[in-house]
Structures are given as structure tokens and as C-alpha cells.
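The values are calculated or read from the model by the stated rules, or taken from the named source; none is laboratory data. Please read all numbers here as calculations on a predicted model, not as lab measurements. In this analysis, Cβ positions are derived from the backbone assuming ideal geometry, glycine residues included, and neighbour counts consider all displayed protein chains. Remember, those area values only see protein heavy atoms, side chains included, never the ligands or the DNA or RNA. Shrake-Rupley method; radii C 1.70, N 1.55, O 1.52, S 1.80 Å.
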There are 2 protein chains.
Amino acid sequence: MRIHSMMLGAAMALALDAKADEGMWLPSQLPGLAKNLKEAGFRGDPKDLADLTRAPLNAVVRIGGGTGSFVSADGLVVTNHHVAFGVIQYNSRPDRDLIANGYVAADRAGELPANPDYRLRVTVGFDKVTDRILAAARGKTGKAYYDALDAASKVLVAECETEAGIRCSVANMFYGRDFYLVKQLELRDLRLVYAPPRAIGNYGDEVDNFVWPRHAGDFTILRAYVGPDGKPADYSPDNKPYHPPSHLKLATGGVTEGDFVMLAGYPGITYRHRTAAEFADQVEWRLPTAVEVLKALQDVIEAKGKDDKEAGIRYASQLQSLKNGIKRFSGELEGLRRSDAVAVRRDDEAAMLAWLATQPDGKTLRPAIDQVLALIAQGKDVRERDLLVGLLSSQTQLMKGALAVDRLSVERPKADAERETGYQERDEELIRSQLKQIQRRYDPAVEKALIASMMLRYQKLPDAGRLPEVDKVFGRSPAELAKALDRIYAGTKFGDEAERTRLFDAAPAEAAASKDPLLVAARTLRPALLRIEDERKAREGDLLRLRPSYMQALIAYREKQGKAVYPDANATLRVSYGKVTPLMARDAVTYAPLTTVAGIVEKNTGMAPFDAPKPLLDAIHKGDFAGYADPKTGAMPVDFLSNLDTTGGNSGSPVLDAKGELVGLNFDSNWEAVSASWMYDPRYKRAIHVDMRYMRWLVDKVYPSPALLRELGVPSK
Amino acid sequence: MRIHSMMLGAAMALALDAKADEGMWLPSQLPGLAKNLKEAGFRGDPKDLADLTRAPLNAVVRIGGGTGSFVSADGLVVTNHHVAFGVIQYNSRPDRDLIANGYVAADRAGELPANPDYRLRVTVGFDKVTDRILAAARGKTGKAYYDALDAASKVLVAECETEAGIRCSVANMFYGRDFYLVKQLELRDLRLVYAPPRAIGNYGDEVDNFVWPRHAGDFTILRAYVGPDGKPADYSPDNKPYHPPSHLKLATGGVTEGDFVMLAGYPGITYRHRTAAEFADQVEWRLPTAVEVLKALQDVIEAKGKDDKEAGIRYASQLQSLKNGIKRFSGELEGLRRSDAVAVRRDDEAAMLAWLATQPDGKTLRPAIDQVLALIAQGKDVRERDLLVGLLSSQTQLMKGALAVDRLSVERPKADAERETGYQERDEELIRSQLKQIQRRYDPAVEKALIASMMLRYQKLPDAGRLPEVDKVFGRSPAELAKALDRIYAGTKFGDEAERTRLFDAAPAEAAASKDPLLVAARTLRPALLRIEDERKAREGDLLRLRPSYMQALIAYREKQGKAVYPDANATLRVSYGKVTPLMARDAVTYAPLTTVAGIVEKNTGMAPFDAPKPLLDAIHKGDFAGYADPKTGAMPVDFLSNLDTTGGNSGSPVLDAKGELVGLNFDSNWEAVSASWMYDPRYKRAIHVDMRYMRWLVDKVYPSPALLRELGVPSK
């Protein structure tokens, strides 16, 4: 694959050399990047962006699983159609299909309450607490270090969550180097104001997923409400619109190729600063193995589903999620290979270590760095065992339930604060509902075949890589495995919903003593699972202790290269900047960075997912684009493409122009960028945004709401 | 579909307005286009291109089914790999696989003789003979007019073909307005000098067929030989290289986006100047009906092939050709709809007729034009009948054979010159070989099902649209049809090869009297088939007589618009000019007009058809492109794209730069251009060429032949 990158034409080589617009910056880092921001075209003062709890960044909020932003003083929020999809679905009925038809609230009374578990969080505090988190951990190692951090975090969170409606968490930056206490105001009454029909909001659906050129109007407008006292409240007709501390201004124009853009949001997780060994492990072992193992599970479900249609239906959702995982992992693998990520990171790390050897503090840092590399190398011995044992509780239904009930019988006797995360009082409701869902998702023949698929692979591991408890439950040979599965699944009563509920309610009493073969199996496995967990915590504890040395070396090395370093994404607010950028997808193939309504007509077949609604087609035909068309080309824009640095969690992120005005909403990446969670390759990393001109035109001309446009500050044309 | 063209962005609209580089010009028209040629960038004197029997155009020859050109004084000819594929195949043996490995002749003795039926034709005469062709026809109408033209053509051809090695034909320009006698020298000893491996010459094969961006090195170099006396001769080791009257000069550089290019070749057939009614018929009836009818036949073969694998294999080739036809017709339909061809041509014709009404000779021309339109309208009554009856002899095997033997028994008693084209003495060998092939391609159950598919549709035609003879053979109901087919195919002995040969040899004697039910059926159908033929000739005779008036009006109308008119393609030498042009394929998708070797590496999977040979990959990796790379980008070119006007028959056509030097060979069109046989849409019409720099680099660096490069005047770098 190295040939590939060597063979790029001159234009691509230039793109490689150009200053990469990589970076998910902490707002506090932006003043230090003032020169770069200015060169890139930003016309504001980066100092104004330094505090995420003040305007304008406190207009950017977490909502659903993504990002949103306030766009009016009365609490209007824009986010993606797919981020608000649950709200639209919740309000749809056979006689009022908001998914198909979209929704335009006639007035405030017409704004429809979201599903009660839908949440919006405004960040109101972001304070460095590194010293308090690390105080008790100093001098400790392994699991003790991990537990000390965990305990300190829980204390800080409890101190912080004194007020109703406030949610707190501790964010770990640079892998254990810095810790921040994040304080968020959680709003619980969100209402649907405006949604386009599915055939606009999700035009192209799965066929166009990860695809550029794109033509989706992936936006929805909600409004946040609070109680009459101005505090977060559950829905009530007496509630009032929330007045956010700030809101973004919609741009009256738009952007075009080469223009500066920036984006703020809550990217979930990236691995950019992992070690070269972790890159190699990901590309050479983890991704190909995951694809192989998940494909085997997919084959099991498909084969069983052919013989038994009813079983096929029960496993449809698990099958879909396996397919998505396989597709995603394959795409990530393809991308990392295309970018030659292993070699690039290896050479980079080697250069860093060589440089470090010449530095005064090189001798101090190097031992800790060597320990990090050794710990990561040790992980190889147990990686396949841990992957397969992990699947036993993630890719089964009844087994997963039995393991959860068994674990609860260990955790419930403890004080709540001592209980393992995921098994505390607050988690019990979720466990109960999962036990209930088993009824719709389980078939014994399929589950036995799935476990056989994992465990046949497991049985081939060397002795040192296996666990005696697992051997005891599933045997050492395919024949013993088959016999064990037959015995367990023929004998268990756990498939009966009432029995599951009884055991759940009565744990630990009933569960701990149960002779049900499935619960006996779970109880037998328990010490092994707890041991794996403790091993993991010990390894993570040491990594949390030692990795900051690696990061210190990396940051210093980058500084010497003239580059700043952002912490890997961790669901805290970050800012990226870059520009509207075309994509040279393949030899001689260039994708322009703006799409137009002509593409909607081109793609339209009249059949889902290319079934644009008649009002949209009529409006395109009519061509009344005045005030919204691109001034250069005269064409009506739909979506645009940038090189902004994004990952999952950035859905709905506001895209701002050089003046800080809202010009787009982020909603997807191109397929070539799936690997960007590990490596930002400037040739291929692109983010896909819906153009606010398209949103405004739809609200003005196609499904009009003049009142909404007035409130947004961009009145009808 | 009109929305589509209305919705184009401004850039596309510009392309529509720009002066279209449409036109397959007769060389004699070029001096009249001198101003346009100069504006387009041509740096030579158009007068030098006016005579296709003189240099440089007499270097452009017909070869195989396409076009070639002489490129050395000693008779070297370049054409496409796919045009010379038969020659490569003919010379391949299991121990010498020239298809897989390519071929580099070590010296002249190593040049391999082509298959004996491979031909090259040099045009040596091109004279207007309109008066002699029309003399006897004047005053006649219908079939008599047609027959008079046919007889006059045969006389001229006989007069012309006095010398051995000379082949003559009469070409009809502007639908009966002008006639030319084409005189060609036919060379019979061609030899293979240089061919790349299939994985270069046809890189991408069917997957990339009609696709841009393309990465095929679709060229092959042959040499023409003549007898020691300098005259055309069959292969003999005593033959000498042919010294062509002229040859093209290979350019030492190349072209880039926007550069002028021109192309000369033998395009087969186009329909650009057909009437609006014929456009409508093609789009609204003929193409959709053909797709529907052929799909039904495809379904029959696929269904039968599932039940009977052996039958499936026998019909594999017919199935493939049905699929190709369906694909081509669908593409043409899609393209004509995309270009809104019916409306565009309708509006154009209406404007022409309106303008004509204001002209002095409008009154004279109009009655003939009205007759043309009436004749075309009449064709509607019999079009479906003729289509289905035509399929009876084109999409059957045994029935086709019986119809041919029956027809021979009518034709053989006549003087050879009087016999119908296709049934003359020269055609008998072909008929005999087709009768022989039936053995490998026929299954009675499949043939009955195919005929049933056509005839069930036929039975639904109104009484006036059917033929009594067909009704008599196949009945008037599905039940009668099934019974008739069972009876005919159970009773016939024509499936026996010896019996077919006996009847063929003995026709008319045995065939005319045969009681074999299939021959009886053919004999019963005969009067209907002859009647259809006579009706067609009568219609065509009148159209040949009257259409020149339509053309006269069209030419005058175009003159008023400032445009010249070229005759529709008819396999005579034509010249197109235009420029190297990108393709805006879809909204936001632009294809650059030059591909590079980077694309070969990108596409390469190691599996056919993307299995570039190791020597090529190594050479790309090595990157020794000096003297061949594009000076602007530094990249090594492979293929390029232009807006040149081409159609089938232009394969292998030389592409020349502004100085008239050879820079490329035409080898394909993009998928969007399939409809260009009817309408040249400047937005989508592109031609695909192999870059001579790629050819020269391969001959220099990858499969070297320094002697060949010296002879081509472009020595190794």
C-alpha cells in the first residue's frame, strides 16, 4: 500500500504538504493559536472563544447523542434531523405521520413535547481539578492508582451535583495528565418546532450514508423550556421558554470553496495520540480480528434465520448492528491502510524518541515511556481472550441477562458508592428493561450457535491465554462445548420472563443459590470475569500513571516542530477550524465542496430513499432562489464539505463563518474519513454539513414559517 | 425530465450555450470551416485537410471493424488493442499466450501474420456520382425509385472494381441528396508488431467499459505488407512492407485540459438529422419497446437455463448479446431523456418550418417535406409487427436457418446480380457456417419459449396490423400457438445437421418440396416476409426521393443560424475537432480530462480485470517518467478525454494536436454519450483516448522496443 501514497500526482502531494487543518482544540487553547486562526481567515478575536462557559461557545450544547446550538433568545435550538429523530418519532401517530410529512408548529402552543428522556445540557462550569483528582493517588500503582482516581472523581461529582438539574462529570485530558470537572445544566422539556419530511431530512438514507456529494436537509428545530421559576423541569403546559445565556446568529449569506469555517461541538472519542504499538495493534490485529469474529456471528444469524424465519426476525436488530460494526471496522481498516497509518505513526514516534534522547529531561521521561510501551506489549497476551469473553456478554441475550443478575447479587450488598459503575442503584432500571427485552430478541438455537462460534475460537487459544472457569463451563473440545450448551439451554428456566424478574428482584438471595444451569454457569464464570476486570483496572491504572510522560514528550516534540497538541476527544466541547474544501477522491475525480438542488432532481427516482416531496420538487422547478442562491454560480446550495476535524458526537455541531455566524450544521463524514478517529489524513478527511441557506429557503419557500424566520433573525425574502 | 435541464447550475448552462464542438465533417467541408478551426486552436491550413485521398488524411485507414493510421514510411499502423484483438488471439497458443503476455516483435522477421480475413483499406478515390446514381430514378417513385438507385450503384461498383485489390462502394450523403463512389485499396497481409498484455490493453475490461476515468493502454501496432510487385497480396514470406502514400507524425509532447484536438476516422452511423417524429418514435416507442421485448426474451432464456444447465450454456452467447442490447438501448433512452432530445428536436423542427414559410422557396419544398412526415407517420401502423417478425429470424436459431434455406430456394434461380443482398453467391458460405453453428446454440424447448414470447405479443396486435400468413402458422390464440409450436418442433428433422446441409445444398429442389413442418412453416411465412420487404423498399424509395427536400430546408435554416451541416455518419472518412474537456458528470462531481498511472495503482486489486502486470507496477513504482510526464503536474498520463464527436467505427481513430501530430487514439465513449448517435449534448458527449505518451513510455520503459521507437521517430529517452 505504500506505493499508493508514493504515486499521488503533484496536486495530492501538495495537499499532503499543506498545513493540516487538524485539531479538536480546547477553547482555552485558541488564544495561543491566534496567529494560525488569523492566517486561516478568522476575523474575530480568539480570546472571545477561550471560555466555553461564556458567549458565544455556551450557546453550543449537548443534545440527544450529538450537538446542538441555541439560535434565539427564546431557546430555539438547531440540531440534525437524525439527532432529533426520536422526538419526531415520539410525536408521530398513524393519523399524524411527522416522519413522512415533517412538522411546522403553527405557534408556540403547537410546539410538541419531546419524549420524556430527551435531554439538553448547557455547560456552565469547566474547572481544572488535576491536583484534587491525583492527590490520593500519588505513590500508588496499578489498581490502587485506578481506584484512587475513581474515588476522587466520585467525591468531586457528588460535591458538584448539589443543585437539582445540575449534572457533573470528570473529564480526563491527555490520558491522565489533566482532569477537569464539567458542570452542566440539564434541561428536560424540549419541544419540536420545525422538522422537514424524512425525504428531505434524510434524503438518500443508507444509500448516501458516508457519501459525498450529498443532498440531505439534515436539520430540525426545537425549543427548550424551563419551569416558571426558570429552573430545569419536566414537561408542563405551565413551563416557559428557556432564555439561554447566549445564542448564535444565523448568517444571511453563505460560504464557498476556500472560505474559512469553524465548528464547535462534543466529539466523542479519538485515538490520535496513541502509541505506535497501539496503531499497529489496531491495524494488524484488532480491526481484522473484529471483522472476522463479527462476520462469523453474522453468518450464524443469517444461516439460522434462513431455517427459521421467526428466529430471523428476533435477531434482525442484532444482525443490523453486527453489519454496521463490520462495515465501520472495515472502513476504518481500509482508511488506516490507505493512509499508511502504522508506518507514519511508527516513524513519527521513533523520531520523537530519538529527539528526546538529545534533550535534558529525556533521561527522566524515558523510563516511564518504556514502561508504557511494555504495558501495551503485555496486552497482546490477553487481547484475544478478552475480546471473546467480552462478546459472551455483548452478543448474547439470555447469557448476558444471567451474567447481569449474577453480578447484581455481588454488588447489591455493597454501599451504593462502592458498587461497580453500571451496577449502581441508578442503573437497575436499565438492567430490568434489558431483562424484559430478551423476550423479543432471543432464540435458544441461535444463542447456542453464537456462543459456539465464539467459544470454538476461544478453545484454540494456548493454555496460558485461557481461563480455567471458562474451560470448566464450556469444556475443552467442540464436543464438550456442544454438550455443555445443550445441557445449559435445555435446563434453564431463565428464558421465562417471570422467572427472570423473580431472580432479578430477589438477588442476591435467590440468584446466589439458584441451581438453574445458566445461573450456575454465570456464577462459575464470575471469578474469571472479576479477575479480568481487576487486571484491566491494574493495567489502566498504570497507564494513567505513566502515559502523561509519553504525552509530555510528544507535546514537547510537537512544540519543537512548531505545532500545538490538542487532547484526544473525550466528549467535552472542542473547536475545529479549517476551510470549505473539495475532495480529490480518486485519480481524475474531484468532488466540489457545494451541492445544489439540481442534484436532488438528478438523484430522484420517486422511490425511497430518493423520493423528494412534491412541494420541494415544485419549488426547485419554480426556481425562486433569490436571496439564497450562491452569488457566484446562481445555484441553490444544499450541503457543503469542509476539512473540519470531527468525529462521532459532532452531529449537529454549528459551522460558523469567519465572522462567527452560523452557516451550516455538521451531519456526516465521507467514507474515506472513517479512520480519522485514529489519523487525520488531509487528503481524505472531510466533514459534511447542511447549508443554512437551504434550511432558510425551505422554511421560507417550501414549508413556510414566517414567524420562525423572524425569530431566527432572518425574515422571509 | 425537463426540470433536469432547467435546474442546471450556471456552469452547466454556460456549457450549453457555448459553441458546441459537434460535427463529423466531410474533409471537403473543412476549408469552409477555416475560421472556426482557427478559433478553436488549429494551427495548420484547413485546405490541406480537404482531400481525403491525399496526405495527411490518406494515412487514416479502415482496419478490422474500426479505424487505424499509418505511422511510418514502412507501413506501421496503430489502432486499438480491441480492434486488433483478433490478430492477437489468432497468434496465441497455450505455450505462447499473447493475450496475457502481449507481444514485442524482436525484428521484422518476428512480425506475426494476422488471421487471413483481417483487412486494411486505404481510401484512394472519393468522387461525387449523384447524377449517375439518380439518372434512371428520376420520375420514378416508391420501390421503383429504390430499385433504380440499387441497380445504378451496382453498375458503378462493378465498373470501379476492375483492378485486383480494389474495393468500391457507393455512399449516400444527406439521405439521398448526394452520392459518392468510394474506392479503396484493400491490403490482406497485416502483421503483429507490438501489443501490450491484456491487463494493460484492456485494463478494467467490462467493469470500466463506457467508464471515465479510464486507465487502459488500448493500442496495438501492426505493419501492412504487399507482394513483391507492390500490390495487395495474401500473406507470403516474400512480401515487402507497404509504403503508404503518407503517414502521421507522433507528437513528442502531449495535450492538456483545454487544448485543441482533432480526430479522423470512419464513424458508422448516426441519426442526428432525422425528423422530430423519428426522434419521438425512438424515445417514446422504439427504445422502450425494444428493451421490453428483449427483456422478455432474456427472462425466457434465464428461466429455461435454470431448469436445464445444458440449455443455459447453449444460449449463453445469445443471452449476453441480449443483455448488451438491453444495456445499450437503456443507456440511449436514458441519455435522450436526460438531454430532453424529443422536445429539443421538436422545437427545432417547428422553428425551421416556421422560418421556411417565410422563404421564397418555402412553397416549393413544403409539399415534399409534408410527404416525408406523412410517410414516417404511416410507419407507426406496422412498426410493432415488423419488429416482432424481425425477431423471428434474428432471435431464433432453427427457425432462422429454415427461413434462410427457404429464401435461398427463391434466390438461387435468379442471376447473381438480381439476387437479394445477403443471398448472393458471395453470401452462401456465411449461411452454410451459420447453419452449422446451430448445433451448438439450439435447444428446442428454449426456441419454442422464445417464439411464444414474441408471438403472444404479436397475437395482441389489431387485425390490420397482422399478417394472415403469420396467423396461419402460429394461430390466433395462446392455445393455438402452443399447439403449433409443439407440432412444428416435434415433427421437424431440421435439428439434424446432416439434414440441414442436405436441404441447403439441394435448395431450391428439396427445400421447395419439403414436407418438414418447419420448412412448411417457413414457406408459408415467405410471402408475408417478401411483402414486408417490398413495403420497406417502397417506403425507403420514397424517403430517398423526398428527404433531400427536408435536408435542403434544414441546411438553409442552419446557414441562416450561422452553422454548417455535416451529413449523418455512414462509415466514410470524417473529421471532428474540439478540445480536451473535463466532464461534469453529476452535481458536484467533476472528472478531470487526464488520468495518471496513480489511478492504475488505485484501481489495482490483483484480480482481473484490475490486475496490472508486475513490470508495469514496478515501472510506476520506479517513477522513471522523464520525457513523458505532464509538464504541469509532473504526473505520468494514461488516457485523456475530449469533446470530439465520435460514434461506433471511430475505435482506433488518430487524435491529433493543433499541429496535426498524433497525441492519442480514440477507444471509447462515456456512458452518458451512448445517446450521441441521435443527439450531441455538449454537457455529456465525451470521447476517451489513450495518450500516446503512455504508449511511448510503455514501449520505452516497460516492454522496450528501441527499434520500434526509432522507426516511429520518437527514440528512447
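Quick notes on this one:
- When residues in the range A:349-364 are screened for being surrounded by 16 or more Cβ atoms within 10 Å (Cβ to Cβ) and modelled with pLDDT of 95 or more, 4 of them pass.
- Scanning the range B:325-356 for residues that are more than 18 Å from B:Ala676 (Cβ to Cβ) and acidic (Asp, Glu) gives B:Asp347, B:Glu349.
- Filter result for the condition that a residue is aliphatic (A, V, I, L, M), open to solvent by less than 40 Å² (accessible area, probe 1.4 Å) and touching a residue at least 24 places away in the same chain (Cβ under 8 Å), over A:Val104, A:Val77: A:Val77
- Whenever a residue of the range B:196-219 is touching a residue at least 40 places away in the same chain (Cβ under 8 Å), its partners that are basic (Lys, Arg) and open to solvent by 10 Å² or more (accessible area, probe 1.4 Å), lying with C-beta atoms within less than 6 angstrom and at least six residues away or across chains, give the pairs B:Asp208/B:Arg214.
- Those residues of the range A:626-652 which are part of a loop (DSSP other than H, G, I, E, B), out of contact with any Asp or Glu (no Cβ under 8 Å at 6 or more places or on another chain), modelled with pLDDT of 95 or more and within 18 Å of A:Pro593 (Cα to Cα), in sequence order: A:Ala629, A:Ala635, A:Thr646
- The range A:626-643, residues that are within 9 Å of chain B (Cβ to nearest Cβ) and either of a type in the set (Ser, Thr, Tyr) or over 21 Å from A:Val702 (Cα atoms) (or both): A:Lys632, A:Thr633, A:Leu641
- Residue match in the range A:299-320 (condition: surrounded by 14 or more Cβ atoms within 10 Å (Cβ to Cβ) and at positive phi): no
- Residue within the range B:414-431 that is open to solvent by 30 Å² or more (accessible area, probe 1.4 Å), in a helix (DSSP H, G or I), under 23 Å from B:Arg383 (Cα atoms) and not aromatic (Phe, Trp, Tyr) present: no
- Condition check for B:Ala507: over 26 Å from the mean Cα position of the chain (by Cα), in the same structural domain as B:Asp471 (by TED's automatic domain parsing) and modelled with pLDDT of 95 or more: no
- Residue in the range A:221-228 that is of a type in the set (D, E, K, R) and either away from chain B (no Cβ under 14 Å) or closer than 24 Å to A:Leu57 by Cα (or both) present: yes
- Some residue of the range A:223-242 being touching a Gly at 6+ places or on another chain (Cβ under 8 Å) and within 29 Å of A:Ser677 (Cβ to Cβ): no
- Residue within the range B:145-158 that is in a loop (DSSP other than H, G, I, E, B) and either over 22 Å from the mean Cα position of the chain (by Cα) or under 27 Å from B:Ala368 (Cβ atoms) (or both) present: no
- Picking from residues in the range B:365-413 that are charged (D, E, K, R) and open to solvent by less than 10 Å² (accessible area, probe 1.4 Å), the one that is nearest to B:Arg457 (Cα to Cα) is B:Asp406.
- Which listed residue is in contact with a helix residue (DSSP H, G or I) (Cβ under 6 Å, 6 or more places away or on another chain), modelled with pLDDT of 95 or more, open to solvent by less than 10 Å² (accessible area, probe 1.4 Å) and of a type outside the set (Asp, Glu), from B:Val655, B:Val663, B:Val690: B:Val663
- Unmet requirement for B:Thr270, which otherwise passes all of (1) out of contact with any Ser or Thr (no Cβ under 8 Å at 6 or more places or on another chain); (2) open to solvent by less than 60 Å² (accessible area, probe 1.4 Å); (3) assigned to a loop (DSSP other than H, G, I, E, B): (1)
- Residue list for the range B:336-348, restricted to those being touching a residue at least 24 places away in the same chain (Cβ under 8 Å) and open to solvent by 20 Å² or more (accessible area, probe 1.4 Å): B:Arg337, B:Arg338, B:Asp340, B:Val342, B:Val344, B:Arg346, B:Asp348
- Options A:Pro631, A:Pro567, A:Pro593; residue that is under 22 Å from A:Asn670 (Cα atoms) and not β-branched (Val, Ile, Thr): A:Pro593
Matching residues to (1) modelled with pLDDT of 95 or more; (2) among the small types (Gly, Ala, Ser); (3) open to solvent by 10 Å² or more (accessible area, probe 1.4 Å); (4) in the same structural domain as B:Lys400 (by TED's automatic domain parsing):
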position	(1), (2), (3), (4)
B:Leu485	yes, no, no, yes
B:Thr524	yes, no, yes, yes
B:Ala528	yes, yes, no, yes
B:Leu554	yes, no, no, no
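- Output for the range A:249-267, where each listed residue is farther than 15 Å from A:Leu644 by Cα and either assigned to a loop (DSSP other than H, G, I, E, B) or of a type in the set (Ser, Thr, Tyr) (or both): A:Lys249, A:Ala251, A:Thr252, A:Gly253, A:Gly254
- Extreme residue, nearest to the other protein chains (Cβ to nearest Cβ), among residues of the range B:588-604 that are open to solvent by 20 Å² or more (accessible area, probe 1.4 Å) and assigned to a loop (DSSP other than H, G, I, E, B): B:Ala592
- Of the listed requirements (1) out of contact with any strand residue (DSSP E or B) (no Cβ under 6 Å at 6 or more places or on another chain); (2) not in a helix (DSSP H, G or I), A:Met584 misses just one: (1).
- Top-ranked residue of the range A:605-625 - restricted to ones that are open to solvent by less than 20 Å² (accessible area, probe 1.4 Å) and in a helix (DSSP H, G or I), ranked as nearest to the other protein chains (Cβ to nearest Cβ): A:Ile620
- Test for A:Arg539: is it in a helix (DSSP H, G or I) and open to solvent by 20 Å² or more (accessible area, probe 1.4 Å): yes
- No other residue among A:Ala564, A:Ala585, A:Ala571 is in contact with a Gly (Cβ under 8 Å, 6 or more places away or on another chain) and farther than 25 Å from A:Glu349 by Cβ apart from A:Ala571.
- Any hit, the range A:4-15, residues being at pLDDT below 95, within 14 Å of chain B (Cβ to nearest Cβ), in contact with an Asp or Glu (Cβ under 6 Å, 6 or more places away or on another chain) and within 21 Å of A:Met584 (Cα to Cα): yes
- A:Glu559 part of a helix (DSSP H, G or I), closer than 23 Å to A:Ala40 by Cβ, among the charged types (D, E, K, R) and open to solvent by 50 Å² or more (accessible area, probe 1.4 Å): yes
- Residue match in the range B:231-241 (condition: open to solvent by 30 Å² or more (accessible area, probe 1.4 Å) and in contact with a Ser or Thr (Cβ under 8 Å, 6 or more places away or on another chain)): no
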